[in-house]
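The values are calculated or read from the model by the stated rules, or taken from the named source; none is laboratory data. Predicted model only: the values in this text are computed from it and were never measured. Using ideal geometry, Cβ is built from the backbone for each residue, glycine included, and neighbour counts are taken over all protein chains shown. The area values use the complete protein model at the heavy-atom level, side chains included, leaving out ligands, DNA and RNA. Shrake-Rupley method; radii C 1.70, N 1.55, O 1.52, S 1.80 Å.
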Amino acid sequence: MSKSTNPLRAAYARRAITTLALAGAAASALALDAPLAADAHVSSVQPGLNFGALPTLNVGGGSTALLQFDLATLPAGSTAAKLVKATLLLFVNRVGVPGAVEAQTVFGPWTEAGVTGAAAPTTSGLGSVPALGVPAAGQFLAIDVTAQVKGWLTNPASNYGLAITPGAGYPGTTVFFDSKENTATGHAARLDLTLADQGPAGPQGVTGATGGVGAKGATGAQGANGTNGTNGAAGAVGATGATGARGTNGAVGAVGAKGATGATGPQGATGPQGPAGPASGIIASVDMQFSQDDRVGWTHVEDIGDDACTNNIPLGFTYIGFGANTSTVSVSSNGVLFLGNSCSVAYNNTTLPANISQNAMLFFFWDDLRDFGTGEFLEYATLGVAGGRVFNLYFRSRLWDSLSCGTNPINVMVSIHESSGLIKATYSGMSGCAEIRGASATFGLQTTGGSAAKAFTVGVNSPVLDDNASRQSMSFHPAN
């Protein structure tokens with residue numbers, strides 16, 4: 001049916017649960033956040049109380065902070081071998097006594113609303129990991145937890161989270177971190193992950209030529225001749241005497257010794273090394289973006305329409321990556337950015353690769369979206385100087401099916417970097433409605449080639465966005 005006769009047209013089909021796919025993924029690095037599932041702190045001074053609803057996570061003075069992250073939202077096939085880096089980010093709300101803290105591994109189950117000091121889970125213990133100095137209030141503390149997250153990816157049942165305690169040698173440390181219930185600053189704990197796929201091995205080099213045949217050895221000496229047989233007796237004069245019997249041949253001489261083997265010919269030259277696989281020599285995770293409210297002087301497009309395209313948007317430089325070589329992009333009103341001038345208005349999202357264009361595409365929120373005329377628009381600008389320019393596109397729209405999430409908007413900042421080729425989509429202000437969090441959308445990137453393209457899928461009809469996160473992003477690096 002058309003939209004005019006069926007307001008909910010393909011909504012149910014788009015919301016069907018689809019398994020996340022990574023088959024045929026391009027060699028790339030993916031930076032993403034694991035959602036914070038629970039946080040609380042427990043106190044040995046007040047062992048019977050639960051502090052899961054407080055806006056701070058207290059550490060020191062008898063208090064230990066607990067955090068647990070949900071790894072089930074990671075792309076299918078995420079393994080410990082693919083984890084490049086895991087970093088825990090904590091926002092320092094206030095410092096009571098300066099010092100250092102450490103992130104211990106939790107070994108038992110707990111719940112945010114039920115955990116107390118009297119029933120706290122066991123941990124790996126003091127000094128099991130290095131301690132890090134606490135920065136001043138208003139700053140972030142970054143802790144490397146790669147080893148713990150690799151363990152959880154290998155054995156998901158062991159993921160009971162992390163415990164933050166005063167570090168070994170710093171028992172007097174007292175610090176207060178933001179919890180996810182803190183609405184004043186909104187800096188809940190984050191677990192930043194960088195995943196990478198290794199490129200395939202290059203083909204084997206050509207086998208070198210066979211060495212020449214060695215010189216023939218000298219011929220052995222000839223054996224001695226056998227003795228001659230005796231002559232027969234002479235016949236009587238007159239009649240011819242009978243011919244004497246023929247003497248027997250002498251014994252055959254022994255075969256001479258075999259000559260020495262000739263020297264081995266020189267080894268043929270080694271064939272050239274096969275070309276390296278497409279894996280990048282540098283894997284980086286960059287979590288930087290321009291402020292979404294700082295867009296003075298940007299080009300403004302008020303009417304992005306319904307099932308419409310905004311074509312020939314200038315990048316300000318030539319972008320080369322993911323099979324594309326272009327100085328322009330196009331944007332579909334249904335949440336897809338095309339590297340080039342070809343654009344599709346398809347609104348029924350599918351798994352990737354999607355055969356809607358031959359261009360490389362960023363699916364930053366592929367769903368049936370619509371400009372209702374007020375508060376929906378896109379703006380863009382290119383900032384920086386040659387060699388380090390960044391194209392930024394701010395996209396704001398709403399779901400076509402307004403019965404699902406009302407007037408709640410979708411806010412996305414897409415950044416394309418000239419030098420590194422990094423493409424990034426950053427989300428902010430996402431509401432708690434499941435469709436706004438991606439329950440009927442596709443997220444990911446695919447190279448040129450349509451149905452034959454390589455693709456990296458982040459989510460399909462899955463609420464991968466966290467409404468409690470102030471900023472969250474997905475980014476893609478082209479292979480070198």
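Please check which bits of segment 289-332 a label hung off SER420 would reach, taking the label as a point 7 Å along Cα-to-C-beta and the cut-off as backbone N under 17 Å.
Residues 289-291, 319-322 qualify, since their backbone N sits under 17 Å from the label point.
What list of ³J(HN,Hα) couplings, whole Hz, do you get for segment 444-461 from phi and the Karplus terms 6.51, -1.76, 1.60, once you set θ to phi - 60° and write x for glycine and proline?
For segment 444-461, the Karplus curve yields x, 9, 9, 7, 5, x, x, 5, 9, 6, 7, 9, 10, 8, 9, x, 9, 6 Hz.
Using a 1.4 angstrom probe and counting only protein chains, how large is the accessible area of LYS82 in Å², to 10?
Surface open to solvent at LYS82 totals about 70 Å².
What list of ³J(HN,Hα) couplings, whole Hz, do you get for segment 350-360 from phi and the Karplus terms 6.51, -1.76, 1.60, once you set θ to phi - 60° and write x for glycine and proline?
9, 6, 9, x, 9, 8, 10, 6, 7, 6, 5
Would you kindly calculate the translational diffusion coefficient of segment 304-417, applying Stokes-Einstein with the Kirkwood radius from alpha carbon pairs, for 25 °C and a viscosity of 0.890 mPa s, and quote it in µm² s⁻¹ without decimals?
Value of D from the Cα-based Kirkwood radius: 169 µm²/s.
Post the alpha-carbon centroid distance, segment 434-480 to segment 358-373, in whole angstrom.
A separation of 12 Å, based on Cα centres.
In the P(r) worked out for segment 404-480, what percent of Cα pairs fall beyond 15 Å?
61
At R0 = 25 Å, how high is the FRET efficiency between ALA147 and ASN468 if r is their beta carbon distance? Nearest 0.05 is fine.
Here the calculated transfer efficiency is 0.40.
Quick one: divide the alpha-carbon radius of gyration of segment 344-480 by 2.2 N^0.38 Å and tell me what you get. Before the final figure, lay out the partial values.
Values: Rg = 15.1 Å, N = 137, 2.2 N^0.38 = 14.3 Å.
Taking the Cα Rg and dividing by 2.2 N^0.38 Å, one obtains 1.06.
Give the value in nm², to one decimal: projected area of the alpha carbon convex hull of segment 58-207, averaged over all directions.
11.9
Where the centre of each part is set by its Cα atoms, how far does segment 137-173 sit from segment 79-121, in angstrom?
A separation of 5 Å, based on Cα centres.
Using the structure shown, list the pairs from LYS150/LYS454; LYS150/LYS424; LYS85/LYS424; LYS82/LYS424 with a Cα-Cα distance above 22 Å, or answer none. Mind showing how you got there, number by number?
Working: LYS150/LYS454 26 Å; LYS150/LYS424 25 Å; LYS85/LYS424 18 Å; LYS82/LYS424 20 Å.
Exceeds cut-off: LYS150/LYS454; LYS150/LYS424.
What do you get for Rg/Rh over segment 29-108 if you use C-alpha atoms and the Kirkwood form of Rh?
1.02
Using amide H atoms built 1.01 Å from N in the peptide plane, name the residues 5+ places from THR165, or on other chains, whose amide H lies under 5 Å from its own.
GLU102, GLN104
Sort SER462, SER420 by heavy-atom solvent-accessible area, probe 1.4 angstrom, most to least.
Working: SER462 35, SER420 70 Å².
Result of the area sort, largest leading: SER420, SER462.
Convert 4 °C to kelvin, take the viscosity as 1.567 mPa s, use the Kirkwood radius over C-alpha pairs of segment 299-358 as Rh, and evaluate the Stokes-Einstein diffusion coefficient in µm²/s, rounded to a whole number.
Rounded to a whole number, D works out at 105 µm²/s.
Relative contact order for segment 386-480: what percent, with Cα pairs under 8 Å and sequence separation of 6 or more?
25
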